[in-house]
Amino acid sequence: MASVTLKSVYKYYENSKEPAVKDFNLEIGDGEFVVFVGPSGCGKSTTLRMIAGLEDISQGEIYIDDVLVNEMEPKDRDIAMVFQNYALYPSMTVYNNMAFGLRLKKILDYRRNKDGSYRLDKNGKRIPYKRHYTNAEIDEKVIAAAKILEIQDYLERKPKALSGGQRQRVAIGRAIVRSPKAFLMDEPLSNLDAKLRNQMRGELILLRQKIQTTFIYVTHDQVEAVTLGDRIVVMKDGIIQQVGTPVEVFNKPANLFVAGFIGTPQMNFFDGTLSRKGEGWTLVTLGREYVLPADISRVLDSKGAQEGEITVGVRPDYFSFGKMPGEGIAAEVIIAEMMGTEHHLHVKVGDVTLTIKVPFDPSLSGESMKNSNGEKRVIYCDISLDKIQLFSKADGRNLVY
Ligand code: ADP
């Protein structure tokens, strides 16, 4: 296990004006599972590869367990990397694929006497030397890893006789046998089909419980990030947008980008106008005026919010519904997507299109969104003010968290 610290790390690739990674600061704790997430090209892999030593650091410092590793060779960093294309050796058995790295590795040991006790030099110190693992030691490690990953029965098979998920487990096993200080994983599940990806995601959670090692995991998939990470690091254009637990990032997104990136269906965004009223604030949006709760008004004040146009954000989950017809905002239903136990409604309020989650409703299952009289279907909904997000038009920052 190890902590990993990045201090003001930059990466400039040749021939590109903008840095691929810019002023990256992060402390990853011993045994923590941290996920880097963001759209393609935002600098996730580059950051991971700099930690692994596969890419030079242009500026800044990276520490593994308080040791500066900027100039350290990848093999000396004691870190294991698992990629999306896990490149097993096709001619070797699973056992040999897992044992391969161990056979090459040299470890530090101390000379012993015939009776097993340590030999000492004339100063009474043990005498160090480097040696390879013995076959028995390799066997022990491979079997232990195979048990963790439940691939004991396939050890004599060649990779081509394995399913995608089993191959992925062998690739992870190859890393586990080395007992690395940290696991770095770059989109390890992206080559798998959706069902297997879900299954492997579950297995990674279990694996993590079995081997308490530091994990740094890269994905563009926000569902993977939220389900796996103790903390997630949301990136865009080489810059960290927010670091937090999945719950923090979901409920208190730092800015418009994070709010839109995390959560499915995506958060709804629409325009609103903030005004001061006495001690507090009001919001005009979707044709209505809302007096904002005192706690939201206080945060708006502390963040220096200005009167005027802002972007309102409401997750599809956070709409309420009028008990009586005509109570709330009239929204015309355009599409109803059946999602099993719920419907996702795409509705229009004036020019604004919103996505709203509602419990499954059999009357919505027709192909037409008109009722039996041929009239448009209208629902009456309202936004839950305690879950509302307000974003600055100028810089996108969240004004209520
Ligand atoms: P991600 O992993 O988030 O998809 P990357 O770290 O791979 O993003 O890439 C970040 C940026 O750096 C992208 O704009 C990409 O085009 C650029 N980049 C990546 N590798 C290289 C390279 N070897 N040479 C030049 N530019 C690169």
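Data table
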read-out: Qualifying position, being in contact (Cβ under 8 Å) with a residue 60 or more places away in the chain, open to solvent by 70 Å² or more (accessible area, probe 1.4 Å), over 17 Å from the mean Cα position of the chain (by Cα) and away from the ligand (no atom under 16 Å from the Cβ), among GLN212, GLN168, GLN152; value: GLN212
read-out: Residue ID - nearest to ILE232 (Cα to Cα), chosen from residues in the stretch 1-25 that are more than 16 Å from the ligand (Cβ to nearest atom) and part of a loop (DSSP other than H, G, I, E, B); value: SER3
read-out: Scan of the stretch 277-333 for residues that are in contact with a Phe, Trp or Tyr (Cβ under 8 Å, 6 or more places away or on another chain), without any contact (Cβ under 8 Å) to a residue 40 or more places away in the chain and among the small types (Gly, Ala, Ser), ordered by number; value: SER297
read-out: Which listed residue is among the β-branched types (Val, Ile, Thr) and closer than 23 Å to ALA2 by Cα, from ILE143, ILE151, ILE205, ILE127; value: ILE205
read-out: Breaking point among (1) free of Cβ contacts under 8 Å to residues at least 60 places away in the same chain; (2) open to solvent by 70 Å² or more (accessible area, probe 1.4 Å); (3) not aromatic (Phe, Trp, Tyr); (4) not in a loop (DSSP other than H, G, I, E, B), for ILE62; value: (2)
read-out: Any hit, the stretch 64-81, residues being within 16 Å of the ligand (Cβ to nearest atom), among the basic types (Lys, Arg) and either more than 30 Å from GLU156 (Cβ to Cβ) or not assigned by TED's automatic domain parsing to the domain that holds GLN241 (or both); value: no
read-out: Condition met for ILE127 (more than 16 Å from the ligand (Cβ to nearest atom) and either of a type in the set (A, V, I, L, M) or not assigned by TED's automatic domain parsing to the domain that holds ALA171 (or both)); value: yes
read-out: All strands (runs of 3 or more DSSP E) inside the stretch 304-379 with 2 or more residues being farther than 23 Å from PHE261 by Cα and at pLDDT 90 or above; value: 329-338
read-out: Residue identified as at pLDDT below 95, out of contact with any Gly (no Cβ under 8 Å at 6 or more places or on another chain) and among the small types (Gly, Ala, Ser) among SER45, SER16; value: SER16
read-out: Some residue of the stretch 26-44 being free of Cβ contacts under 8 Å to residues at least 12 places away in the same chain, within 15 Å of the ligand (Cβ to nearest atom) and under 28 Å from VAL247 (Cβ atoms); value: yes
read-out: Condition met for LEU206 (aliphatic (A, V, I, L, M), within 16 Å of the ligand (Cβ to nearest atom) and either open to solvent by less than 10 Å² (accessible area, probe 1.4 Å) or out of contact with any His (no Cβ under 9 Å at 6 or more places or on another chain) (or both)); value: no
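The values are calculated or read from the model by the stated rules, or taken from the named source; none is laboratory data. The model shown is predicted, which means the values in this text are computed figures rather than measured ones. Here Cβ is always computed from backbone atoms with ideal geometry, including for glycine, and neighbour counts include all displayed protein chains. In case anyone asks, the SASA skips ligands and DNA or RNA and just uses the protein heavy atoms, side chains included. Shrake-Rupley method; radii C 1.70, N 1.55, O 1.52, S 1.80 Å.
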